[in-house]
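Every number here is computed from the coordinates shown, using simple stated rules; none is lab data. On a predicted model such as this, the values are computed, not experimentally measured, just so you know. Here the Cβ positions follow ideal geometry from the backbone for every residue, glycine too, while neighbour counts run over all protein chains shown.
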Amino acid sequence: MATVETAKAVSMERPLSQGSPRLFMLPFHGTDEDGQPSRASAAVAASNHSNDDSASSIDHVMDKKPTNTITRRQKAKRHCVKFKWWYLGGLLIFLIIFLPILFKVIIPAIVQKIVNNQSLPVESGLIRAVSPDELFITLKTSLDTPLPATINPFELSLYNKDSGDPSSFVNIQLPKTKVNHNTTVTVEEQTVKVLNENQLVWWFSNIFDQAETELSLSGQPKVSLGALNYQPKMDLTVNVPALNRLQGFTVEKLEFAGGQDGSDNNIKGKLNLPNWGVLTLGLGNITLNVISGDVDLGIVNVYNVELKPGNNTYDFDGEIYLDQLIPNLGALLDSQKDALAVGAIDLTVTGKSTIVNGQHIKYVESVLNKKTISTRIPIMTLAGDILSGILSSDSQSSLVNVIGNVFGNSSLLESTWSHWSKDQTGDSSESQASNKKRNAPHLSLVKNLVRMSVRASLKASIR
């Protein structure tokens, strides 16, 4: 028994060298005293079986050869090659559905949005009255587009969005224009028909009253993007700088005229008509009423009025109703209290008539005849201009006739005037001091008129 156990121990302790031939030992079953297999023999048998399994597994692993791996790209390529006809059919179906949407829905919507975002600033222009039912128009504006396009000629309607009447008052033709980013667009000179006079008057009234007014535009331009054509709807409202009630209107010069032309005109001078807007307005020949308080003082005539942006100085002539001025002097001075307190006179003018080529322009008269423009003239400036007119030799006769008619004794005034002025063409040997004395009645007349005005003003203030 001892010999057998010793042999087992030696065989279990001896390791198998790598590469050495494997020795297969027959199992030896030892028995104990009762004839049963001993525990040691069972352990040895289990160990031998485990070693055999491990060796078999190692041999199997050593015998496997490495295989080539496939990348994702290769897999995708194989997949596409395999299903290429399916994908091609799907792409065709997508294009059949998408392209009509692109050209019929998406691009027109983009073009419409570009049109809606246009500001169309009115940079300059001319509106001139040429007849009772026609206007001469030219305008300059600009378009800003993100891509190049061609706008073909189309008709643009002008109307008042806030008037309650959407009908246009004029239609203008826009020329063919190639636009790319910020591009200037010029409405060429054209004579157009007045389609709705009431709406034109409504807009002209806003042009006169406001510093900036609105103008609504509508049309359907044909926009070409290469071979593609689209017709977006244009409906915009733009702001137009306006006249601002002619703020700054002044009478720059006023003097008595001689009445040499045989008319009733007895004054002339210069006045300034400022235009605060960007449009030049051609109004023709204008006649204005001159008013102070409730007293109608006379009229002034301004010829060939064409208000350009900025100040516009025009010569005028007219008539002062002296036969109404003197009897209403008290009421006139009473209405001038505030102005006289600062050494000035307030005058108000309003439209009377507007004539172009011998025809009344109703759409201008309907505006100007309802508007009033006020100005304040310093008394010293006015007195100096009147005095200069009185002392001028070519106006003395007409002035005597006017004042004579007012006071009802023309012959007396004529004889007095003649007495003091009969020697004006006399001998050249008369001294300069004598000439000054002969002009004294002219100055006396002015002084008397001023005294009458002061007395009436004092009486009015006492009341």
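Residues whose amide H lies under 5 Å from that of K253, counting only those 5 or more places away or on a different chain, are K270; hydrogens are built 1.01 Å from N in the peptide plane. Rounded to the nearest Å, what's the spacing between the alpha carbon centres of the stretch 79-110 and the stretch 210-277? Just the number, please. With the stretch 79-110 and the stretch 210-277 each reduced to a Cα centre, they are spaced 55 Å.
For a 27 Å ceiling on Cα separation, which of these pairs sit above it: K140/K268; K270/K370; K161/K370? Pairs exceeding 27 Å: K140/K268.
Here each label is just a point 7 Å from Cα along the line to Cβ, and for K113 and N180 those points are 2.4 nm apart. A straight chain from T71 to K270 at 0.36 nm per residue would run longer than the Cα-Cα distance by 62.2 nm.
Just so you know, the averaged projected area of the alpha carbon convex hull for the stretch 116-242 sits at 7.5 nm². Normalised by the number of residues in the stretch 116-242, the mean separation of alpha-carbon contacts (under 8 Å, six or more apart) gives a relative contact order of 28 percent.
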